[in-house]
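Chemist: Handing you this structure, nothing more for now.
The values are calculated or read from the model by the stated rules, or taken from the named source; none is laboratory data. This one's a predicted model, so the numbers in the text were calculated from it and none came from an experiment. A quick note on method: Cβ atoms are made from the backbone with ideal geometry, for glycine too, and the neighbour counts reach across all protein chains shown. Heavy atoms of the whole protein, side chains included, go into the accessibility calculation; ligands, DNA and RNA do not. Shrake-Rupley method; radii C 1.70, N 1.55, O 1.52, S 1.80 Å.
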Amino acid sequence: EAGVTQFPSHSVIEKGQTVTLRCDPISGHDNLYWYRRVMGKEIKFLLHFVKESKQDESGMPNNRFLAERTGGTYSTLKVQPAELEDSGVYFCASSQDSVFSAKNIQYFGAGTRLSVL
Amino acid sequence: AQSVTQLDSQVPVFEEAPVELRCNYSSSVSVYLFWYVQYPNQGLQLLLKYLSGSTLVKGINGFEAEFNKSQTSFHLRKPSVHISDTAEYFCAVKPGFGAGSYQLTFGKGTKLSVIP
């Protein structure tokens, strides 16, 4: 069974440009999450989808970030326009069980390393 | 809200020596606890978890962790490390119930370097 897949693995862009990150969750997982790790800091929650619906986007830094999940399958995270402070590693995770279940285990992808110059 | 403190950012240890990676947490509600590992150029992999029951939990690759509620700690241990254990280790907590009970709160990570 394929794990959580993210691409690109690395992206280098200039300030002001647009970048789109993609995440393919494990097949059958309704829950999809985005997290971000800024250099030297903790991995922090950005948002949570259940199928195609955003359940919680309280961690999104600002309105330059837009996440979508078409048809409840893969998800994209767009940053437009990118700023220097957006640099970091963006992780995607997915889970199968209800978020209220102790068995709700999140499985992570390898992340996308974004560098904004 | 929850917070996680990993007391050591880097831990060098000789091969076949024991290791303990420390994790303390703060939370106003009961939590589930996790250790994830990130090997070079790979994703975060679940190492072990504490959901309930026995406070000593065993994970993959010979790692174990002990939940200590009174000290709000969840330290990770391995009696004898291998070169292949070189990685970054993350402690994380998730509320057992209530709003945001799906959000993992992570520590800053501990880089374990195993020296031949």
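Matching residues to (1) at pLDDT below 90; (2) within 10 Å of another protein chain (Cβ to nearest Cβ); (3) touching a Leu at 6+ places or on another chain (Cβ under 6 Å):
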| position | (1), (2), (3) |
| --- | --- |
| A:G72 | yes, no, no |
| A:L77 | no, no, yes |
| A:E83 | no, no, no |
| A:S94 | no, no, yes |
| A:V99 | yes, yes, no |
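Chemist: Continuing with this model, one more query. Out of (1) in contact with a helix residue (DSSP H, G or I) (Cβ under 9 Å, 6 or more places away or on another chain); (2) among the basic types (K, R); (3) open to solvent by 50 Å² or more (accessible area, probe 1.4 Å), what's the single condition that is false for A:K54?
Modeler: The number of the failed condition is (1).
Chemist: Filter region B:38-95 down to residues that are without any contact (Cβ under 8 Å) to a residue 24 or more places away in the chain, in contact with a strand residue (DSSP E or B) (Cβ under 9 Å, 6 or more places away or on another chain) and of a type in the set (K, R), then give me how many there are.
Modeler: 2
Chemist: Something else now. What's the total number of residues in region B:102-111 that are of a type outside the set (V, I, T) and under 12 Å from the mean Cα position of the chain (by Cα)?
Modeler: Residues that pass the stated criteria total 5.
Chemist: Then there's this: Please tell me if B:F14 is in contact (Cβ under 8 Å) with a residue 40 or more places away in the chain and open to solvent by less than 20 Å² (accessible area, probe 1.4 Å).
Modeler: No.
Chemist: A follow-up question, please. Just checking, does region B:38-50 include any residue being of a type in the set (D, E, K, R), open to solvent by 50 Å² or more (accessible area, probe 1.4 Å) and out of contact with any Pro (no Cβ under 8 Å at 6 or more places or on another chain)? Step through it out loud before you land on a result.
Modeler: Taking region B:38-50 and keeping what is of a type in the set (D, E, K, R), we get B:49.
Right, trim to open to solvent by 50 Å² or more (accessible area, probe 1.4 Å) and you get B:49.
Pick out the ones that are also out of contact with any Pro (no Cβ under 8 Å at 6 or more places or on another chain) and you get B:49.
Yes, that holds for at least one residue.
Chemist: For region A:9-55, which residues satisfy the criterion of being of a type in the set (D, E, K, R), under 18 Å from A:F108 (Cβ atoms), outside any loop (DSSP other than H, G, I, E, B) and within 14 Å of another protein chain (Cβ to nearest Cβ)?
Modeler: Scanning region A:9-55 gives A:D24, A:R36, A:R37, A:K44.
Chemist: Could you list, in sequence order, all residues of region B:19-53 that are part of a loop (DSSP other than H, G, I, E, B), of a type in the set (A, V, I, L, M) and within 11 Å of chain A (Cβ to nearest Cβ)?
Modeler: B:L51
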